[in-house]
1. Only one residue in A:241, A:284 is polar (S, T, N, Q) and touching a Leu at 6+ places or on another chain (Cβ under 6 Å). Which one?
2. Since residue B:234 meets every condition but one in (1) within 14 Å of chain A (Cβ to nearest Cβ); (2) surrounded by 23 or more Cβ atoms within 10 Å (Cβ to Cβ); (3) within 22 Å of residue A:246 (Cα to Cα), which condition does it not meet?
3. Which one of B:143, B:206, B:139 is modelled with pLDDT of 90 or more, assigned to a helix (DSSP H, G or I) and either more than 12 Å from every other protein chain (Cβ to nearest Cβ) or on the phi < 0 side of the Ramachandran plot (or both)?
4. Output the qualifying pairs, or none if there are none: Cβ atoms under 7 angstrom, residues six or more apart or on different chains, first residue in segment A:91-116 and in contact (Cβ under 8 Å) with a residue 40 or more places away in the chain, second residue surrounded by fewer than 17 Cβ atoms within 10 Å (Cβ to Cβ) and polar (S, T, N, Q).
5. Return only the number of the condition from (1) at pLDDT 90 or above; (2) under 21 Å from residue B:270 (Cβ atoms) that residue B:112 does not satisfy.
6. I'd like the full set of residues that are more than 10 Å from chain B (Cβ to nearest Cβ), in a helix (DSSP H, G or I) and either among the small types (Gly, Ala, Ser) or under 20 Å from residue B:271 (Cα atoms) (or both), limited to segment A:86-111.
7. Could you list, in sequence order, the residues of segment A:113-169 that are of a type in the set (S, T, N, Q), at the interface with chain B (Cβ under 8 Å from one of its Cβ atoms) and either within 19 Å of residue A:66 (Cα to Cα) or under 19 Å from the mean Cα position of the chain (by Cα) (or both)?
8. Please identify the pairs in which a residue from segment A:159-176 that is at pLDDT 80 or above has its Cβ atom under 6 Å from the Cβ atom of a residue that is among the aromatic types (Phe, Trp, Tyr) and buried (at least 16 other Cβ atoms within 10 Å of the Cβ), counting only partners at least 6 apart or on another chain.
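The values are calculated or read from the model by the stated rules, or taken from the named source; none is laboratory data. Keep in mind that what you see is a predicted model, and the values were worked out from it rather than measured. Positions of Cβ are backbone-derived with ideal geometry, glycine not excepted, and every protein chain shown enters the neighbour counts.
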Amino acid sequence: MAGLTKKDLGQLFARQGILIAFVVFMIGFSIANTRFIDPDNIMGVIRSSAILGVMALGVTFVVISGNLDLSVGSMMSFSTIVVLDLHDKIGASMAIPTMFVMTMALGAFIGFLVAYLKLNSLIVTLGMLSAIHGLTLTYSGGKNMDIADKEGTWFKVFGQGDVMGLPVPIIIFVVLAAALGLLLAKTPFGRSVYAVGGNGVAATFSGLHRPRVVFICYIISSFCVATAGLLQASRSLGSQNTVGQGLELEVLAAVILGGASLLGGSGTVFKTVIGVLILGFIQNGLLLVGLQFYVQYVVTWVIIILAVWLDIAAKRGKLWSPIA
Amino acid sequence: MKSGTLSTLLSRGAIWGFIVLELIFFTVAGEFFSLSEKAFMDVDNMLLLFKQSAPIGIIAMGMTIIMVNGNIDLSVGAIYALCAIVLLDSMTWSMFAGLGDMVIPVSWVLALIVGVALGALNGFIVWKTGVDAFIVTLGSMLGYRGLVFMYNGEQPTSHLNWTLVDFAEAQFLGLHTATWFLLVVTLIIWFIMNKTVHGRNAYAIGDNKTAAVNAGIRVGPHMMINFMIIGFLAALSAVVFYSESGSVNPNDGELYELWVITAVVLGGTKLTGGAGSIISTFGGVLAIQLLRKGLSHIGADTETVNLVIGLILIAVLFLDRQLNIKGKEELKV
């Protein structure tokens, strides 16, 4: 092809690599097992990815603003336990807003520490991972939470319901993704998130109030976590205290797969959704071709490193690191 | 710079002051709340404390080097589990059947080699691809855990060798075997960090990578060696712990990276690299273990430990930033 050099191809592959990999995976799995492209199966994958996906949407904001959030997993356990506990005590219609307020209060605390006290977000959220886990256990006394009347409650609609043939978790995921995608891409606030993450000093000199932007990112993240906790609680109507344990890293993996840089300043909501779907479909595809769930871990490892490596290689124009 | 020296002194000695504070608090509180008749500062209790600190402590020494070097390693928990499986499983291999108890050193060496190899793989990827260590080890944390599961499914791997158990439970000069391992590792790593070219270069690279490159330091190999050291130490930690327990679950070692990083940060090592001390890390490890033991001694629920440690970590970070200018710098991830 005229004008399309080998270098251009390399650039294209590196920049859109994650989409190409996604397509290749889908085709490969479809050939290996035709059940994979069955609409029911695809719906099932998206549905089970929704919880991880909702959390990843919020973390995308935090990562783009140049910070990390490792506390989302234990925060999700917290909101799940709280909403299940309150459901039987004060009723579902009161339990849900109360849970959102409590979860977002935790998010505000983290946001205050990171944004206004300017503490290192990795360590703060690492500490909060442990602290919120302790808080959850103290709240529940270490016991599993269960809703007494599992059949009669309308609360299960969020995790199990259908509206016009579409599962409610998927609708919530899509609506939230669209709303947050617009917020990030089309509003002044969204631009300021990129500015703060890309170059915090320049953003400050341009008149942006950096702490406020970072603070709001953590509030958004905790809102998403509360939503994920609601979906989880409503889906299972009972939960252990460790339901979200380890999810923070899967969420981060999805965001990184989507191409967001941990240095901040890059990434989009759409790409994060792609990252979430890749993780979900790989898991599903491997199961369908008869491999155990843990093979997925190894595959994810290889994919994460290849994805980030290609991204970096495209930016510096060399495959290998110049470090001696 | 009088205030400067004071703040340096405070930040250096903070962890030991904290330990003394913990000891006083738990001794006094123990008088009122404890259900047991024994005092908290009991000799046996303190010896046990050292022994229980060993698995986290040994890895924390490696993490200190990694973090001084300006990197981070999230895969230590998975390396720990994989080496434990290799250790216990290799003792039952038929090719070693004729060795008798000589199989022990062979299995140890095998486990340690696996640890070094896994660490080397991490280091090599960080060096050659230029991908940040946080992402590389986040990935390999998943990947290595996957290998653990692939090795033996979701079944626990068990093999109890009584000679080995006797060795692990032995006491020499009053200290348990695990304690000796922790002390020797601390000494050796202290020596490497303070008295060798490699250690000084690790500080130099962590402090200012560009300057280190311009000074002719080969940054890549140093990083890789550090990852091999932490891989070796994660394996050694598994060797020490599983020699005694004799059974490993595929989930073992999960969240170890968080405990280890907490201990190292409590000890005052900077995430930005270039600063940190092995002796303070040792203090950080003791402080965490003391907190766990102390809280259970005064009858607090185990869940409170997570809450307290998390909040203390944040408080330390806050104090550290107030005392130390370098802490104000942004995280280089």
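1. A:241
2. The single condition residue B:234 does not satisfy is (1).
3. B:143
4. Correct list of pairs: A:92/A:153.
5. Only one criterion in (1) at pLDDT 90 or above; (2) under 21 Å from residue B:270 (Cβ atoms) is unmet by residue B:112, namely (2).
6. A:92, A:93, A:95, A:105, A:107, A:108, A:111
7. Of everything in segment A:113-169, those that are of a type in the set (S, T, N, Q), at the interface with chain B (Cβ under 8 Å from one of its Cβ atoms) and either within 19 Å of residue A:66 (Cα to Cα) or under 19 Å from the mean Cα position of the chain (by Cα) (or both) turn out to be A:120, A:121.
8. Filtered contacts from segment A:159-176: A:168/A:158.
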